[in-house]
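Below: one structure, written as structure tokens.
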Amino acid sequence: MQIRSVLLAEIPSLDVRSGMPLPWDVHDAEGQLLLARGHLLANDSILENLIARGGCVHLRDASKPTGEVEVPPPLPVRYASLKLELAWLLSHPEEADFIARIRGIAEAVASLTERNVDQLIFLIIRHDYTRFAIYGSVHSLHVATVCSVLARRLGWSMTRHLRLVCAALTMNLSIIELQGTLAGRLDPLTDAHRALIHAHPLTSAAMLREVGLVDEEWLAKVEQHHEEMSGQGYPRGIETPTDGAQILRFADQFAAKHAWRADRGAIPAQQVARELYLQSQGHPLAALLIKEFGIFPPGCFVQLASGEAAIVVRRGSNANTPVVAAIISCHGDTIVEPVMRDTTSPEYAISTTLEERLVLARVSSETLYSLC
């Protein structure tokens, strides 16, 4: 087992916030434990204090089994740990084992999507995108997760499955920092920004070749993930992108539309599905994504016929009847302990989606997924 010690201060930006469990143990320079994994952060000053004390995170290679038998931490903690690992790795492509560790993260993502799809979708939809500095790496992990779910649905071999997930993790390697800058930007793009964006499929692939990647199918997906069968894509305008590249493109659009940015809020789920289908001109792979994730994906807010506001927890037997939990009463009061509602019943049928800004109540995924 390989373990690397990384200073908190050297990590570009941490995907943790007050009220969230710490995704890893934090040690000082002498190896003494400062704060244990799972500790709830009461406020952001705790993290700042750990950084000031030279706190370190011990990261293990996700691709190497430890041989140890241990109870895995909750899914949100494991997913946050992957975000941390990927954020650091994409900022350090010069690392000698960069490709091997990307493969390790891809294997971890594929393992998670084997049985946790609803909660993973929830974590994607409900992610706090206001930490713009890590937007690029978080977006890559979200796209990789969507791709993994679709690869499973298509029945792809694990080799083909992992190659697609690896491409998703590295598709924006050359513009990872730029993505964070642009996500927090209100001004229009400059010509320089447009040039970098237009070239990034090829420049990202070139960077991967420079660090030793020789898998041409992985590289082709990166190079083609903005190409369209109409020939209107970029950077080359080809009309024959691979199926993997098209899945990557649709997953990229799906995740981006659900993401909150400085210049707009997250797009409502039904609108995301409609726009994705129309923009793809009804492409069967886009239709598959919409069918798989539903028009009311886990994590989106909905209004019920009862007048209650609810949050979708799991996909249902059909697109219009997901499993939901009521979190605000018909009188506008917060429901302290969320109550599951059957949307197949006319009394609790979904009447519309709700914008996030209209729903002030918040509840953790651990609480919701303990109910069903």
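The values are calculated or read from the model by the stated rules, or taken from the named source; none is laboratory data. Model, not experiment: these values are computed from the prediction. A quick note on method: Cβ atoms are made from the backbone with ideal geometry, for glycine too, and the neighbour counts reach across all protein chains shown.
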Check your understanding: What single numbered condition from (1) under 21 Å from H225 (Cβ atoms); (2) aromatic (F, W, Y); (3) in a helix (DSSP H, G or I) fails to hold for W156?
Key -> (3)
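Only one of these is in the same structural domain as V143 (by TED's automatic domain parsing), within 25 Å of the chain's Cα centre (by Cα) and either without any contact (Cβ under 8 Å) to a residue 60 or more places away in the chain or over 16 Å from I125 (Cα atoms) (or both): I267, I311. Name it. Talk me through it step by step, then tell me what you get.
Working: I311 fails: in the same structural domain as V143 (by TED's automatic domain parsing).
Just a single option satisfies the conditions, and that option is I267.
I'd like to check something: does the stretch 226-240 contain any residue that is outside any loop (DSSP other than H, G, I, E, B), in the same structural domain as L169 (by TED's automatic domain parsing), more than 19 Å from V339 (Cα to Cα) and without any contact (Cβ under 8 Å) to a residue 60 or more places away in the chain? Explain how you work it out, then say what you get.
Taking the stretch 226-240 as the starting set, the residues that turn out to be outside any loop (DSSP other than H, G, I, E, B) are none.
Scanning the stretch 226-240, I find no residue that is outside any loop (DSSP other than H, G, I, E, B), in the same structural domain as L169 (by TED's automatic domain parsing), more than 19 Å from V339 (Cα to Cα) and without any contact (Cβ under 8 Å) to a residue 60 or more places away in the chain, so the answer is no.
Step by step: first the residues of the stretch 285-303, then only those that are part of a loop (DSSP other than H, G, I, E, B) and of a type in the set (G, A, S), then the one that is nearest to G244 (Cα to Cα). Which residue is that? Let's see the steps before the verdict.
Within the stretch 285-303, the subset part of a loop (DSSP other than H, G, I, E, B) is 294-300.
Now restrict to residues that are of a type in the set (G, A, S): 294, 299.
On the way: G294: 21, G299: 26 Å.
Per the stated criteria, the residue is G294.
Matching residues to (1) modelled with pLDDT under 95; (2) surrounded by fewer than 24 Cβ atoms within 10 Å (Cβ to Cβ); (3) out of contact with any helix residue (DSSP H, G or I) (no Cβ under 8 Å at 6 or more places or on another chain):
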| residue | (1), (2), (3) |
| --- | --- |
| W260 | yes, yes, no |
| Q270 | yes, yes, yes |
| F293 | yes, no, no |
| A305 | no, yes, no |
**Study point:** Considering residues of the stretch 272-284 that are surrounded by fewer than 17 Cβ atoms within 10 Å (Cβ to Cβ) and assigned to a helix (DSSP H, G or I) only, the residue modelled with the highest pLDDT
**Key:** P284
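Test S351 against the criterion of being assigned to a strand (DSSP E or B) and polar (S, T, N, Q), and give yes or no. Quick ask: steps written out before the conclusion?
Details: assigned to a strand (DSSP E or B): yes; polar (S, T, N, Q): yes.
So S351 passes the test.
Given the structure, is R249 in contact with an Asp or Glu (Cβ under 9 Å, 6 or more places away or on another chain), surrounded by fewer than 16 Cβ atoms within 10 Å (Cβ to Cβ) and at pLDDT 90 or above?
no
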Exercise for review: For A100, indicate whether it is more than 30 Å from V363 (Cβ to Cβ), among the hydrophobic types (A, V, I, L, M, F, W, C) and without any contact (Cβ under 8 Å) to a residue 12 or more places away in the chain.
Suggested key: no
Point to revise | Complete set of residues in the stretch 307-341 that are among the charged types (D, E, K, R), in a strand (DSSP E or B) and loosely packed, with under 13 Cβ neighbours inside 10 Å | key: E337
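Let me confirm something: among L276, L304, L285, L289, which residue is more than 20 Å from F122 (Cα to Cα) and touching a residue at least 12 places away in the same chain (Cβ under 8 Å)?
That would be L285, the only listed residue that is more than 20 Å from F122 (Cα to Cα) and touching a residue at least 12 places away in the same chain (Cβ under 8 Å).
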Review point. Are any of the residues in the stretch 349-358 within 15 Å of I121 (Cα to Cα), modelled with pLDDT of 90 or more, crowded, with 16+ Cβ neighbours inside 10 Å and not assigned by TED's automatic domain parsing to the domain that holds A255?
Key: no
